[in-house]
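Here is the structure we will look at, set down as structure tokens.
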Amino acid sequence: MLMILSICLISLSLPIGLCEITNSAMSIAGMKELVDLEGFFISEMESYTAALKNKIDMMESLLQEVQSKREISRRNPEEFVAHPLNAFSLIRRLHEDWTQAELLMLNHVGLEHLQAIETGLDEAQPTDDDLDDAIAGIIALQQFYNLQPSDIANGLLMGKQYNTSLTTLNCQALANACMNFNYDKYALNWYKAAVEHYNDDRDGQVYREVFDFRLPDLYINYTSALVTKGFRKAAWKVLQDVADLDATLWLLRKDIYEVGKIDVPDPTFVTSPWFDVTGCLSVWQTSQHLSCHYEQNTSEFLRIAPLKVETLSLKPHIVLYHDVIYESEISKIKNISLPSLKSPLRIIDAVDYNLKLAQIREDPQSPLSLRIKDMTGEDVKEDTDFQIDNYGICGFRNFHTDNIEIQDQTAELGDRLTSILFFMNDVVQGGAFAFPNLNLTIWPQKGSALVWRNLDHRMQPNKDLLHVSCPVVVGSKWTLMKWLHERPQMFSRPCTTGRKFKSHDESMKLKALNK
């Protein structure tokens, strides 16, 4: 590893960290290195182009010189060589100068820049899995937010226009992947977007000569997908204006016409009802009976520095604390965790998609740990681990609860009693946290912490606490997760014996009245 790093940093001057990029689509923080990688490639290509241009300039100067001589000699070759100076010059040029000209033409310039790019690609180029992860992120964006490929391709995301867009090659890659993933309707719309974004004057020469792109192949894939789904009339209409581009397209249109046109609407214009069942768009009405207050009863310290609390749900108990993790703590956590962020395994029916996480330990007596104790009123000595998450391209955590399967619980800790989720930054767009069974959506607010109890007063899991961390649309999302387990809280939070369970807010009010 040290040898590879040495090659990258010394021999090729690669930016630090590029040799260690893995699973790049799974972390926005990690993807910043890819920007540096492309910048390095551009710099090397510029140097390579300059070397080629210098060679061309030299060859053009030589060509201009010999062409001037040729202009004189071709008029009357015999008369030209009859002069001894011309004859001598001709023989010397053919004997010496053209040998040097041949060597100049054979000289391959800029090889060091080609080698630098080749090594950079070998060491840090995104893999097939990385591309699949990125494609899966875009598909998740469509599924969770009902976004149309044409809007995504034009940079219009959830009603907000961005100064970026996708190329025909991007759209074609998404269409091909959707066909492989059996997302046929998505594929048809992505093929349509690919066709609409193609501009031959702008793209034609580079696409054909550099990227081996053939426009007829795009139309063949698009119309073949339409025909496969039974949309022959739509396929015939697509080919009607482009059949003259290639004989294959002409024959394909002819075959579709002869088989017969099925009168089915163009599927790319068919829209079906869609409902946000995840809560990621926050279309639910918020309860009008909740409250905000200052928490000052769980410790003596809070009497002089109370915490701002927003009650989101009484049953089950869910609250949002504001301004409970500070900028210095956030910076420290990010700096510590960034080198150790790892990707979860790619498995079927996984919960985590396009995110990286890291585990860190925190001193139970640290200000952050003591603050968690003040927030929850629970013991933090046995639960020293925190989990840091950084989300990647449209990263999300699918529907789940925080409970641990019985067979995975330890005798010392038991199940997870309380979850504390810190939001370490604001997210530009998307990335909400939702409890669909409770019609509750929370948007990331830097410095805030979401707290909920996973077990009821009988220490049984509450299925209403099923939740989802919605895909990030634009921006980077950092969260810090802390779980407090049930058994260390045996004496700090004893089980309630009665059937009627008082909420945390009600308990605090009763304590205040008794005082």
- Item | Yes/no for VAL210 being under 23 Å from GLN148 (Cα atoms) and not aromatic (Phe, Trp, Tyr) | no
- Query: Considering ALA87, ALA82, ALA116, ALA101, which residue is small (Gly, Ala, Ser) and either in contact (Cβ under 8 Å) with a residue 60 or more places away in the chain or on the phi > 0 side of the Ramachandran plot (or both)?
  - Reply: ALA116
- Can you name the number of the only condition in (1) open to solvent by less than 10 Å² (accessible area, probe 1.4 Å); (2) part of a loop (DSSP other than H, G, I, E, B); (3) among the hydroxyl-bearing types (Ser, Thr, Tyr) that SER476 fails? (1)
- Message: Test of understanding: among VAL270, VAL227, which residue is within 23 Å of ALA187 (Cβ to Cβ), modelled with pLDDT of 85 or more and among the hydrophobic types (A, V, I, L, M, F, W, C)?
- Response: VAL227
- Task: From (1) farther than 25 Å from GLN142 by Cβ; (2) open to solvent by 40 Å² or more (accessible area, probe 1.4 Å); (3) of a type in the set (A, V, I, L, M), pick out the condition that doesn't hold for MET179.
- Result: (1)
- Query: Out of segment 119-154, which residues are of a type in the set (Asp, Glu) and either farther than 16 Å from MET31 by Cα or within 15 Å of the chain's Cα centre (by Cα) (or both)?
  - Reply: ASP122, ASP128, ASP129, ASP130, ASP132, ASP133, ASP151
- Task: Of all residues in segment 196-227, count the ones that are crowded, with 16+ Cβ neighbours inside 10 Å, not hydrophobic (A, V, I, L, M, F, W, C) and not in a helix (DSSP H, G or I).
- Result: 1
- Query: Across segment 374-397, what is the number of residues that are more than 19 Å from SER492 (Cα to Cα), of a type outside the set (Phe, Trp, Tyr) and surrounded by 17 or more Cβ atoms within 10 Å (Cβ to Cβ)?
  - Reply: 8
- Item | Qualifying residue in segment 353-373 (condition: touching a Cys at 6+ places or on another chain (Cβ under 9 Å), closer than 30 Å to GLN143 by Cα, assigned to a strand (DSSP E or B) and open to solvent by less than 50 Å² (accessible area, probe 1.4 Å)) | yes
- Item | In segment 405-427, the residues that are farther than 28 Å from ILE28 by Cα and either open to solvent by less than 40 Å² (accessible area, probe 1.4 Å) or not in a loop (DSSP other than H, G, I, E, B) (or both) | ILE406, GLN407, ASP408, GLY414, ASP415, ARG416, LEU417, THR418
- Note on the structure: Selection over segment 295-333 where residues are without any contact (Cβ under 8 Å) to a residue 40 or more places away in the chain and either β-branched (Val, Ile, Thr) or over 16 Å from GLY447 (Cβ atoms) (or both) yields a count of 5
- Residues being closer than 30 Å to MET31 by Cα and assigned to a loop (DSSP other than H, G, I, E, B): count how many of those fall in segment 447-473. 4
- Query: When SER503 is evaluated against the numbered criteria (1) modelled with pLDDT of 75 or more; (2) open to solvent by less than 60 Å² (accessible area, probe 1.4 Å); (3) over 24 Å from LEU357 (Cβ atoms), which criterion, by number, is the only one it fails?
  - Reply: (1)
- Query: Mind checking which residues of segment 367-415 are among the small types (Gly, Ala, Ser) and out of contact with any helix residue (DSSP H, G or I) (no Cβ under 9 Å at 6 or more places or on another chain)?
  - Reply: SER369
- Name, by its number, the condition in (1) open to solvent by 30 Å² or more (accessible area, probe 1.4 Å); (2) more than 21 Å from GLY392 (Cα to Cα); (3) without any contact (Cβ under 8 Å) to a residue 12 or more places away in the chain that does not hold for ALA243. (1)
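The values are calculated or read from the model by the stated rules, or taken from the named source; none is laboratory data. A quick note: this is a predicted structure, and the numbers were derived from the prediction, not measured. Ideal geometry is used to build each Cβ from the backbone, glycine not excepted, and the neighbour counts take in all protein chains shown. Only protein heavy atoms, including side chains, enter the accessible area calculation; ligands, DNA and RNA are left aside. Shrake-Rupley method; radii C 1.70, N 1.55, O 1.52, S 1.80 Å.
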